[in-house]
Amino acid sequence: MPPIVQIDDLVVEYVSKERGEGVKRAVNGLSLSIGEGEVFGFLGPNGAGKTTTMKVLLGFMPPTSGSASLFGTDVRQPIARQRIGYLPELTYYYKFLTTEELLRFYARIFKIPRPETEKRINEVLKLVELEDARKKQIKTYSKGMQQRAGLAQALINNPDLLILDEPTSGLDPIGRMKVREIIQRLKDEGKTVLFSSHELGEVETVCDQVGILHRGELKEHGRVADLVAKHGTHLEQIFLNVVGFAKDSESPTEVEIPKEEAS
Amino acid sequence: MNCSAIWAMATLVVRELYRRKDFYVLFILTAVITLSFGAVNFFNEGSIVRYLKEICLALIWLSSIAIAVMTAARQIPDEIERKTVLPLLAKPVTRTDVVLGKYLGCLLACGITLLVFYVFFAAVSASKDSTFQLVSWFQALLMHWAMLSILIAMTLFGSLVFAAVSSNATIVLLSTGFILGILRHLNKVALMQSEPMQTILYAAYFCLPHLEFFDLRDLIVHSHPAVGWWPILMALFYADCFTAFFLVAACVMFKRKAIG
């Protein structure tokens, strides 16, 4: 079965806006493939290249070299995005619309017929638990509700691939739990999900596979259980080792003790 | 080109217009001033109706220009700032679709606004003046709308060039004032200049859009008969050329713009 996401030797460079910084390499030779029905967690510190990789997959920016495809179609073709849903990090949707109107707007872009649109709106609003607020304008929503409205828009076309950029960022624990539950349900439905996160526990719970990106390079890649077995420690420690904040988990943490106490 | 997406974006712009307060504020302001002037009887002077019409039409022109420029100026910058452009472009939508959708939406929104203003103005005029030339009114409205089409395209292009919405709106409004007030006389000014200023001014005279071509207010004010349809069609073609030029420039700019 061909992979849903295929990235081969991807390099992304951009001209820095900072004076004298010249060209910066955000992604350096990334190769990755995600199969159907997999939930893939993209990990890495800020500036590691996660969002840049997603931007390439979504066609927002062209690769400097290498290639990326979705469902076997080059990401530069708009048709490659017909079967995907995307949730960006912290988006402020059209506040003058209700969620129902927002979903109808996105459904029209996908040319979904009217009866199918109404059916789909009911389904996704039920999934994200916004049925009671469907006729309220988005400007009245809490941050968590806005994020769930965002998830609803990402799901309106019943996508086969979901790309979620830090979907739980800025949410309270209840909001995070709800979003996590939704991802879990999508996984159960057999959707392919690619998501980036800083929440390692969340990744460990939900993902089949993880990739740890650091300075644009894929440092680790594989099943969570395999990585844990390979390194003999938990995911957080593996992550810290990879990004260069390694502390031997077996040895006591070094703490500077004041002289008076030491004596 | 995704026509469905273009239409969806256009309807979104129209919906935004009637859910915001800008249009209502300008309409009420224009209505209050028009009705105040209409209620005054200046020494039983019959020709005062002409002045009333002139003032009201000037107000409608100013209000419509303000609505067109302010609506168009914030469309794309707002999408980028709120990041709604990201889920939009993550769908099978090109950047050209976005520019065209925004343009069409602004054009429709301004068309509806103009219709409301002109119907209200026609009702007030009918109460003061028995002569009503429907074709002249239609031509004046059509030309007014064509002029706004150029302004909308110009503002959309400006919104991708200038960093702030306010600076773009100010520059477009000042340029519109210059074009409507000074450009028509620029060829006479050029004649009095020596080279190379003469060539520069002539180039500006022929290259900049002559928005005054679309000002048919006199037809309504003086109850003139309608203009022939050929000049109207030529003017519409002239408006289309400038609109297309600014839209192509906007599409090129948007394609080159880094998003996110």
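The values are calculated or read from the model by the stated rules, or taken from the named source; none is laboratory data. Given the structure is predicted, the values throughout are model-derived calculations rather than measurements. Cβ placement follows ideal geometry from the backbone for every residue including glycine, while neighbour counts extend to all protein chains displayed.
For region A:16-37, does any single residue satisfy the condition of being within 17 Å of the chain's Cα centre (by Cα), part of a loop (DSSP other than H, G, I, E, B) and within 20 Å of A:L218 (Cβ to Cβ)?
The answer is yes, given that some residue of region A:16-37 is within 17 Å of the chain's Cα centre (by Cα), part of a loop (DSSP other than H, G, I, E, B) and within 20 Å of A:L218 (Cβ to Cβ).
Test of understanding: among A:K139, A:K187, A:K178, which residue is in a helix (DSSP H, G or I), within 11 Å of another protein chain (Cβ to nearest Cβ) and more than 25 Å from A:I79 (Cβ to Cβ)?
Step by step, each of A:K139, A:K187, A:K178 is checked, and only A:K139 is in a helix (DSSP H, G or I), within 11 Å of another protein chain (Cβ to nearest Cβ) and more than 25 Å from A:I79 (Cβ to Cβ).
Can you list the helices (runs of 4 or more DSSP H) lying wholly within region B:145-260 that have 3 or more residues being more than 30 Å from B:E79 (Cβ to Cβ) and within 14 Å of chain A (Cβ to nearest Cβ)? Give the derivation first.
Details: elements: B:165-181, B:186-191, B:197-207, B:217-221, B:229-256.
In region B:145-260, no matching helices (runs of 4 or more DSSP H) lie anywhere.
Report, by residue number, each residue of region B:230-260 that is under 13 Å from B:M154 (Cβ atoms), among the aromatic types (F, W, Y) and surrounded by 18 or more Cβ atoms within 10 Å (Cβ to Cβ).
Scanning region B:230-260 gives B:F242, B:F246.
Only one of these conditions is not met by B:L148: (1) buried (at least 20 other Cβ atoms within 10 Å of the Cβ); (2) at pLDDT below 85. Which number is it?
Looking at each condition in turn, B:L148 falls short on (2).
Is it the case that some residue within region B:52-65 is hydroxyl-bearing (S, T, Y), surrounded by 18 or more Cβ atoms within 10 Å (Cβ to Cβ), within 14 Å of another protein chain (Cβ to nearest Cβ) and farther than 30 Å from A:L57 by Cβ?
No: region B:52-65 contains no residue that is hydroxyl-bearing (S, T, Y), surrounded by 18 or more Cβ atoms within 10 Å (Cβ to Cβ), within 14 Å of another protein chain (Cβ to nearest Cβ) and farther than 30 Å from A:L57 by Cβ.
Just checking, which of B:V99, B:V32 is among the aliphatic types (A, V, I, L, M) and crowded, with 21+ Cβ neighbours inside 10 Å?
Testing whether each residue is among the aliphatic types (A, V, I, L, M) and crowded, with 21+ Cβ neighbours inside 10 Å leaves just B:V99.
If you go through region A:124-165 one residue at a time, how many are crowded, with 21+ Cβ neighbours inside 10 Å and small (G, A, S)?
4
Under 7 Å by Cβ, and 6 or more places apart or on different chains, what pairs join a residue from region A:147-160 that is within 11 Å of another protein chain (Cβ to nearest Cβ) with one that is among the basic types (K, R) and assigned to a helix (DSSP H, G or I)?
Short answer, once both residue conditions are applied: A:I156/A:R120.
To keep it simple, each residue is scored yes or no on (1) surrounded by 24 or more Cβ atoms within 10 Å (Cβ to Cβ); (2) at pLDDT 90 or above.
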| site | (1), (2) |
| --- | --- |
| B:L108 | no, yes |
| B:L114 | no, yes |
| B:A122 | no, no |
| B:A126 | no, no |
| B:L134 | no, no |
| B:L142 | no, yes |
| B:T155 | yes, yes |
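What pairs come out if I take residues in region B:3-24 that are facing another protein chain (nearest Cβ under 7 Å) and pair them with residues that are assigned to a helix (DSSP H, G or I) and surrounded by fewer than 21 Cβ atoms within 10 Å (Cβ to Cβ) whose C-beta lies under 6 Å away, six or more apart or interchain?
Taking only residues 6 or more apart or on different chains, the pairs are B:S4/A:R108; B:A8/A:R108.
Yes or no: A:G170 touching an Asp or Glu at 6+ places or on another chain (Cβ under 9 Å), assigned to a loop (DSSP other than H, G, I, E, B) and either on the phi > 0 side of the Ramachandran plot or not aliphatic (A, V, I, L, M) (or both)?
Yes: the conditions hold for A:G170.
Any idea which of (1) more than 11 Å from chain B (Cβ to nearest Cβ); (2) in contact (Cβ under 8 Å) with a residue 24 or more places away in the chain; (3) over 19 Å from B:T94 (Cβ atoms) is the one A:F71 doesn't satisfy?
(3)
From the list A:F96, A:F105, which one is surrounded by 15 or more Cβ atoms within 10 Å (Cβ to Cβ), facing chain B (nearest Cβ under 7 Å) and either under 30 Å from A:K24 (Cβ atoms) or in contact (Cβ under 8 Å) with a residue 24 or more places away in the chain (or both)?
A:F96
Looking at B:T94, B:T84, can you tell me which residue is touching a Ser or Thr at 6+ places or on another chain (Cβ under 9 Å) and either within 13 Å of chain A (Cβ to nearest Cβ) or buried (at least 21 other Cβ atoms within 10 Å of the Cβ) (or both)?
Within the list B:T94, B:T84, the selection yields B:T84.
Are any of the residues in region A:54-61 under 29 Å from A:D8 (Cα atoms), part of a loop (DSSP other than H, G, I, E, B), out of contact with any Phe, Trp or Tyr (no Cβ under 9 Å at 6 or more places or on another chain) and within 11 Å of chain B (Cβ to nearest Cβ)?
Yes, region A:54-61 contains at least one residue that is under 29 Å from A:D8 (Cα atoms), part of a loop (DSSP other than H, G, I, E, B), out of contact with any Phe, Trp or Tyr (no Cβ under 9 Å at 6 or more places or on another chain) and within 11 Å of chain B (Cβ to nearest Cβ).
Please state which one of A:L240, A:L213 is within 17 Å of the chain's Cα centre (by Cα), outside any loop (DSSP other than H, G, I, E, B) and aliphatic (A, V, I, L, M).
Every option except A:L213 fails the conditions.
Please go through (1) within 16 Å of the chain's Cα centre (by Cα); (2) under 26 Å from B:I80 (Cα atoms); (3) at pLDDT 85 or above for A:E101 and return the number of the only condition it doesn't satisfy.
Among (1) within 16 Å of the chain's Cα centre (by Cα); (2) under 26 Å from B:I80 (Cα atoms); (3) at pLDDT 85 or above, A:E101 violates only (1).
Residues of region A:98-128 being out of contact with any Lys or Arg (no Cβ under 7 Å at 6 or more places or on another chain) and outside any helix (DSSP H, G or I), which ones?
Within region A:98-128, A:K111, A:P113 qualify.
Within region A:61-77, track down each residue that is surrounded by fewer than 19 Cβ atoms within 10 Å (Cβ to Cβ) and farther than 16 Å from A:E36 by Cα.
Within region A:61-77, A:M61, A:P62, A:T64, A:S65, A:G66, A:S67, A:D74, A:R76, A:Q77 qualify.
When residues of region A:74-93 are filtered for being in a helix (DSSP H, G or I) and at the interface with chain B (Cβ under 8 Å from one of its Cβ atoms), how many remain? First the steps, then the outcome.
Taking region A:74-93 as the starting set, the residues that turn out to be in a helix (DSSP H, G or I) are A:78-81.
Those left that are additionally at the interface with chain B (Cβ under 8 Å from one of its Cβ atoms): A:78-79, A:81.
Looking only at that region, the number is 3.
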